[in-house]
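This report concerns only the one structure given below.
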Amino acid sequence: MKHKAIKITIGLAFLALLIVTQVNADDQDFLWIEDNNQVTFSYYDMHFIAKAGGQVPKFQFMTDAGFEYNVMFHSLTEYLDYNEDGVFQFNETGLWKEEAPPGPVFSNTLPLSSVRFIFNGFDVEYTEGTEELSAVHFNYTSETINAPNYGDFEITIVVHLYLNDQVVDGYELIGGQEMKFDVIMNNWPWQREDSNLAMRFDIIPMNTAYNYRLNDTNGNPVNTKENTTGYEYKVLNHGDAVKEQISIGDEQYQAFFAYANQAQYLINNSYEYKTVNCSVSSLGDGSVQTYLSFEHFDDEVTYDPSVGTLEDPVIDKAGFGVIEIVTISSVSVLAITLLSRKIGKK
Ligand SMILES: [Ca+2]
């Protein structure tokens, strides 16, 4: 019995060694892990998390030093642009307040918490002709939607992290510092023909040790101390920029939630780009609600926001990073547990 336990321990020690070797062989200090519909990308001291299990889909950025924010994919709402400013305000959710509905009415908001997603595995890319890692991609696909009348709606979230600077569809990504996610939607159950769709993301700074400031894409501070729900203001797009950035930071550190000012619409088997406008409010609790507004679509629409940082990673050349140590110690703990179980049985 004891002999067997030693064998297992040696086996696991080898496994630990293999994991460490693998990490060092990549020589990029870039790691990707999936566990229970939560994917973590780690690049030196920075960690990007995309989670689609449990509550709403969540995109998170954090550093080892403790700078952290979440972007929660809260909901989708069909709305009627009563004031014709091209963006969503909270009092525009009533689709039929000025006329009688032609048929039965159902909720025109789909909370993303009612969508059950499945993880479809990683797709790893290497620079052509080399063993140099260039990107890691994965999908979360909607499996079931637990909301009446939304059974045919389909939503896929495709997440990308590129290791080198990259231009994708005119969208400039910062290598290793930005996680892009494409949201692909089909079969939205429209109740009206003249309505729009608002996609809500909540930006939530974490760790109160930081004196967070949130500025809109024009550099204007967003008031997060007062509840401005119902007073969503339109953020003016930059004419020439593809990417609009809401910055999240303090005196020392600048991160961002970025959104493109156009979305790709599939219309009669060809792609067209249409403008996406954003409106912003706050619950007064330090968070910001962003509503990205999409024109009516019959077929498919694809949109790609991102979370990231303007700061370079902190490269610690001294030795193993935190994740590697965690990996080794959890394997060691497993070995110790198995060993003690064997001894206990004896
Ligand atoms: Ca409006």
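Any read-out appearing in this document is the output of simple, stated calculations on the displayed coordinates, not a laboratory observation. Every value quoted in this text rests on a predicted model; they were computed, and no experiment measured them. Neighbour counts run over all protein chains shown; Cβ positions are idealised from the backbone, glycine included.
Under the rule a/c < 1.5 gives rounded, and otherwise a/b versus b/c splits prolate from oblate, where does region 151-226 land using the Cα gyration tensor? Let's see the in-between values first.
Values: a/c = 2.13, a/b = 1.25, b/c = 1.70.
Taking the square roots of the gyration eigenvalues as a ≥ b ≥ c, region 151-226 is oblate.
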* Overall dimensions of region 33-314 as given by Cα atoms, namely Rg and Dmax in Å -> 18.6, 63
* **Coil-residue trypsin sites (Lys or Arg not before Pro) of region 179-273, DSSP, other Cβ within 10 Å capped at 13** => K225
* For the pair Q166 and T302, what calculated FRET efficiency results from E = 1/(1 + (r/R0)^6), where r is the Cβ-Cβ distance and R0 = 22 Å, to the nearest 0.05? -> 0.80
* To do: Jot down the radius of gyration and Dmax of region 82-167, Cα atoms only, both in angstrom.
  => 20.3, 63
* Structure fact -> The answer for the net charge of residues other than V168 whose Cβ lies under 12 angstrom from its Cβ, with Lys and Arg +1 and Asp and Glu -1, is -4
